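Asker: Mind having a look at this structure? Questions to follow.
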Amino acid sequence: FGTPPGQPSVEPMDPMGPEIASFAGRGGTGATVPVCDLRQDGGHQPSALPPQPSSEDLEDKFELANVSTELLLHQAVMEKELFALIGAGSRQISFRVRQLALDVIADVVKSGVLSDAAWFQGSILLDAWLSAHPTSTDSSFLVEMPTVISTVMRMLNKAHSAPAQGDDARMWRRQIEDEIQLVMWRRGYTPCGGRHQNLLAQDQLLLRCVGWRVNVPSLESWLSMLEKRFSVLTSGVYDGQVAWAKAFVRRLAGLLVVWKPACEQRRPLRFAWGLFGIGLVHARLLPLESLCPSHVDQDEWEQLFQESHAMENLPQCALPRYLWQEIVLQSLTVSAHATLEEVQQSCEFTLGCLRGAQGDVHRELGLVTAA
């Protein structure tokens with residue numbers, strides 16, 4: 001998840017398998033749809049689409065899944081305030097040094113200290129620190145890197161688990177510091193920074209960079225929220241297809257995180273809307289043209305998609321119009337709590353960034369990026 005450029009370039013397999021035999025709305029009347037009809041643009045109509053719950057019932061279901069609209073809006077405001085502090089995200093350190101820092105965070109996370117999802121949040125904390133230190137150079141940051149990453153890991157530990165106390169806390173900090181230095185050695189860098197005793201001052205420094213927010217929204221947390229809300233809206237009918245697309249979408253998300261620092265223009269929520277829509281296209285639940293903004297020519301749209309994914313064949317939607325238009329597309333916009341135009345613009349922006357990332361990361365690292 002932290003180093004998508006190192007993964008081989010593969011084209012997604014067919015998430016639908018040889019056939020889809022039925023569309024059944026849980027809590028309502030299921031409608032069996034032959035395979036041939038699923039691959040047409042209309043014609044056969046089901047006896048009944050899943051009954052749409054009232055707004056109050058829907059919010060109750062969102063609340064039970066811990067993805068309420070109120071929480072979504074609160075997280076969106078928090079993200080807006082955070083990136084108002086971070087600003088344009090300009091940096092003085094090179095791509096490779098920032099990549100090293102992200103790799104170190106990834107390796108420490110993968111060592112079993114925290115869940116994989118913490119890496120995305122750690123990348124934002126790192127970028128917030130870099131934005132608050134615009135004069136940092138490669139050489140100066142390499143000296144500070146063990147301290148900065150150790151502080152980031154302590155912050156992630158506070159956000160994702162019960163912080164250790166007393167001797168356990170000291171042992172955990174030493175373990176993290178040893179792991180960071182070991183990873184840097186393995187990457188060919190000699191750690192220069194010593195162990196800092198004033199841990200409180202280091203924590204406060206990072207907290208000021210993020211406006212004293214311990215648990216900041218990340219690309220992973222937004223994608224997870226969108227997936228859960230979509231599952232509630234579709235009664236779990238398409239959970240298998242969304243789960244299949246999840247790993248592919250996370251590779252694209254990792255590529256975007258590695259490409260450039262997070263900033264106000266490249267906010268995680270903006271990318272999440274685009275990536276989730278793109279994931280539904282790869283899962284063959286939406287046709288690509290349904291996410292095309294009105295000002296973009298269809299041929300240009302398809303070319304942008306192909307260039308951003310380094311693939312030749314376009315995914316083909318396996319659902320007829322009445323299903324993808326009435327169920328999937330509407331569920332996407334409600335999941336995002338956005339208009340269709342906003343989602344389409346985010347897809348366009350995300351695809352453009354992915355196209356840039358494919359070329360930039362390839363040039364920087366000399367690797368074929370994940371596609």
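The values are calculated or read from the model by the stated rules, or taken from the named source; none is laboratory data. All values reported here derive from a predicted model rather than from experimental measurement. Note: ideal-geometry Cβ built from the backbone for every residue, glycine included; neighbour counts use all protein chains shown. All accessible areas refer to the heavy atoms of the entire protein, side chains included, with ligands and DNA or RNA removed. Shrake-Rupley method; radii C 1.70, N 1.55, O 1.52, S 1.80 Å.
Asker: Would you confirm whether or not segment 74-81 contains a residue that is modelled with pLDDT under 85 and not hydroxyl-bearing (Ser, Thr, Tyr)? Break it down stepwise before answering.
Answerer: Keep residues of segment 74-81 that are modelled with pLDDT under 85, which gives none.
Looking through segment 74-81, none of the residues is modelled with pLDDT under 85 and not hydroxyl-bearing (Ser, Thr, Tyr).
Asker: Moving on to the next point. Looking at segment 243-255, is at least one residue modelled with pLDDT of 95 or more and either touching a Cys at 6+ places or on another chain (Cβ under 7 Å) or open to solvent by 70 Å² or more (accessible area, probe 1.4 Å) (or both)?
Answerer: Scanning segment 243-255, I find no residue that is modelled with pLDDT of 95 or more and either touching a Cys at 6+ places or on another chain (Cβ under 7 Å) or open to solvent by 70 Å² or more (accessible area, probe 1.4 Å) (or both), so the answer is no.
Asker: Name the residue that is modelled with the highest pLDDT, counting only residues in segment 149-178 that are small (Gly, Ala, Ser) and open to solvent by 20 Å² or more (accessible area, probe 1.4 Å).
Answerer: Let us first name the residues in segment 149-178 that are small (Gly, Ala, Ser), namely 150, 159, 161-162, 164, 166, 169.
From the residues that got through so far, the ones that are open to solvent by 20 Å² or more (accessible area, probe 1.4 Å) too are 159, 161-162, 164, 166.
Numbers: Ala159: 74, Ser161: 63, Ala162: 51, Ala164: 53, Gly166: 51.
Looking at the filtered set, the residue picked out is Ala159.
Asker: Taking the condition more than 22 Å from Val77 (Cβ to Cβ), modelled with pLDDT under 95 and surrounded by 15 or more Cβ atoms within 10 Å (Cβ to Cβ), does Val368 pass?
Answerer: Working: more than 22 Å from Val77 (Cβ to Cβ): yes; modelled with pLDDT under 95: yes; surrounded by 15 or more Cβ atoms within 10 Å (Cβ to Cβ): yes.
Here the answer is yes, as Val368 does meet what is asked.
Asker: Output the helices (runs of 4 or more DSSP H) that fall wholly within segment 237-341 and possess 2 or more residues being under 29 Å from Ser123 (Cβ atoms) and without any contact (Cβ under 8 Å) to a residue 60 or more places away in the chain, or say none. I'd like the intermediate steps shown before the answer.
Answerer: Working: elements: 239-259, 268-282, 298-309, 330-336.
Where helices (runs of 4 or more DSSP H) fall fully within segment 237-341 and carry at least 2 residues being under 29 Å from Ser123 (Cβ atoms) and without any contact (Cβ under 8 Å) to a residue 60 or more places away in the chain, they are 239-259, 268-282, 298-309.
Asker: Pick from Leu304, Leu275, Leu269: which is under 16 Å from Arg355 (Cα atoms), open to solvent by 10 Å² or more (accessible area, probe 1.4 Å) and either of a type outside the set (D, E, K, R) or out of contact with any helix residue (DSSP H, G or I) (no Cβ under 7 Å at 6 or more places or on another chain) (or both)?
Answerer: Numbers: Leu275 fails: open to solvent by 10 Å² or more (accessible area, probe 1.4 Å); Leu269 fails: under 16 Å from Arg355 (Cα atoms).
Matching residue, one of Leu304, Leu275, Leu269: Leu304.
Asker: Scanning for something open to solvent by 10 Å² or more (accessible area, probe 1.4 Å), within 23 Å of Ala84 (Cα to Cα), part of a loop (DSSP other than H, G, I, E, B) and modelled with pLDDT of 80 or more, does segment 118-133 turn up at least one residue?
Answerer: yes
Asker: So how many residues does segment 186-227 have that are open to solvent by 30 Å² or more (accessible area, probe 1.4 Å), modelled with pLDDT of 85 or more and of a type in the set (Phe, Trp, Tyr)?
Answerer: 0
Asker: With the checklist (1) open to solvent by 20 Å² or more (accessible area, probe 1.4 Å); (2) within 23 Å of Leu126 (Cβ to Cβ); (3) not charged (D, E, K, R) in hand, flag the one item Leu354 doesn't pass.
Answerer: Every condition holds for Leu354 apart from (1).
Asker: Show the residue pairs meeting these rules: Cβ distance below 6 Å; 6+ apart or different chains; first residue within segment 344-364 and without any contact (Cβ under 8 Å) to a residue 24 or more places away in the chain; second residue open to solvent by 40 Å² or more (accessible area, probe 1.4 Å).
Answerer: Listed pairs, sorted by first residue: none to list.
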